[in-house]
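The values are calculated or read from the model by the stated rules, or taken from the named source; none is laboratory data. Remember, it's a predicted structure, so these values are computed and weren't measured experimentally. Positions of Cβ are generated from backbone atoms using ideal geometry, with glycine treated the same way; all protein chains shown enter the neighbour counts.
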Amino acid sequence: MPDLEALKKEAALRAAALVESGMRVGLGTGSTAKYAIEEIGRRVSAGELTGVVGVATSEASDKLAREVGIDVQPLDPKPLDIAIDGADEIDPGLNLIKGLGGALLREKLTEVQARRFIVIADHTKLVTRLGEKAPLPIEIARFGFLSTIERLRKLGLGGRLRQPGAQPYVTDNSNYIFDAQLPEGTDPAALERQLKGMLGVIETGFFLGMAERAFVAAEDGVLEMVS
Ligand code: 5RP
């Protein structure tokens, strides 16, 4: 049984090594991004990095970053030097599905402002086409969510409202998430345009053409993918 945690950490350390003093850094969300935040915090606490500002993509990452000593500030219009985050799927062109951790809106808002967006993952996230293994998370407004889901179904999307227990999952932005199954042959760019024009849809988990580089860890080493 391969130790996926060790692989995630290996990828995260490669990306965290790109952070330099004075940088404004987008801090991702999830079990892989956590290792990057911890490493950046370690370097800050050791005095190896000074003047680093972090912008967190979720309440959880905000809390962790503060705990490890990173100066966390809200997203403002100034560009970020780098953003480091995990992904749920990575295709050969470095297009991504993100949002199984529920932070897609803040992640996209943050990562689109980064000069360099670096993806970190273990090899299980590699796919030949988006939607192959993971659903596409779509953040939708709570008000009228059943109507929005009806519109999504009319578009040919199967899937379900994310509901881990008795109640639907609620994002940091107080919205719901519909996890859509993508039919084979889906054109991600075309679907993204349709979804972004749909009433009730707040954001999608497609991160197309955004990543500059990915560090993908496997048992035989870290694969570096460049867009
Ligand atoms: C959160 C995300 C995460 O980056 C994605 O789910 C990957 O998480 P993990 O590193 O835990 O597999 O998009 O919204």
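It is to be established whether one or more residues within segment 58-73 are more than 14 Å from the ligand (Cβ to nearest atom) and part of a strand (DSSP E or B). Yes, because at least one residue in segment 58-73 is more than 14 Å from the ligand (Cβ to nearest atom) and part of a strand (DSSP E or B). Within segment 193-207, if we keep just the residues that are buried (at least 16 other Cβ atoms within 10 Å of the Cβ) and small (Gly, Ala, Ser), the residue that is farthest from the ligand (Cβ to nearest atom) turns out to be GLY200.
Per this entry, LEU49 is counted among residues that are in a loop (DSSP other than H, G, I, E, B) and either away from the ligand (no atom under 16 Å from the Cβ) or buried (at least 20 other Cβ atoms within 10 Å of the Cβ) (or both). Among residues of segment 21-39 that are touching a residue at least 40 places away in the same chain (Cβ under 8 Å) and part of a strand (DSSP E or B), those with a beta-carbon under 6 Å from a residue that is among the charged types (D, E, K, R) and within 12 Å of the ligand (Cβ to nearest atom) at least six positions away or on a different chain give the pairs GLY26/GLU111. Inside segment 13-36, residues that are in contact with a Ser or Thr (Cβ under 6 Å, 6 or more places away or on another chain) and of a type in the set (A, V, I, L, M, F, W, C) make up a count of 1. Going through (1) away from the ligand (no atom under 13 Å from the Cβ); (2) more than 10 Å from GLY26 (Cα to Cα) one by one, GLU139 falls short only on (1).
For (1) over 16 Å from ARG213 (Cα atoms); (2) more than 14 Å from the ligand (Cβ to nearest atom); (3) in a helix (DSSP H, G or I), each residue gets a yes or a no:
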site: GLY93; (1), (2), (3): no, yes, no
site: GLY99; (1), (2), (3): yes, no, no
site: GLY102; (1), (2), (3): yes, no, no
site: THR110; (1), (2), (3): yes, no, yes
site: ALA121; (1), (2), (3): no, no, no
site: THR124; (1), (2), (3): yes, no, yes
site: LEU130; (1), (2), (3): yes, no, no
site: ALA134; (1), (2), (3): yes, no, no
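Sort out which residues of segment 203-225 are on the phi < 0 side of the Ramachandran plot, touching a residue at least 60 places away in the same chain (Cβ under 8 Å) and out of contact with any Phe, Trp or Tyr (no Cβ under 9 Å at 6 or more places or on another chain), and write them in order of number. Hits for segment 203-225 are GLU203, THR204, GLY205, PHE206, LEU208, ALA214, PHE215, VAL216, ALA217, ALA218, GLU219. The single residue among ALA190, ALA180, ALA166 that is crowded, with 21+ Cβ neighbours inside 10 Å and at pLDDT 95 or above turns out to be ALA180.
Please specify each residue of segment 171-197 satisfying the condition of being more than 20 Å from GLY209 (Cβ to Cβ) and among the acidic types (Asp, Glu). Residues satisfying the conditions are ASP172, ASP179, GLU184. Of all positions in segment 128-137, none carries a residue that is under 25 Å from ILE37 (Cα atoms), touching a residue at least 60 places away in the same chain (Cβ under 8 Å) and surrounded by fewer than 17 Cβ atoms within 10 Å (Cβ to Cβ).
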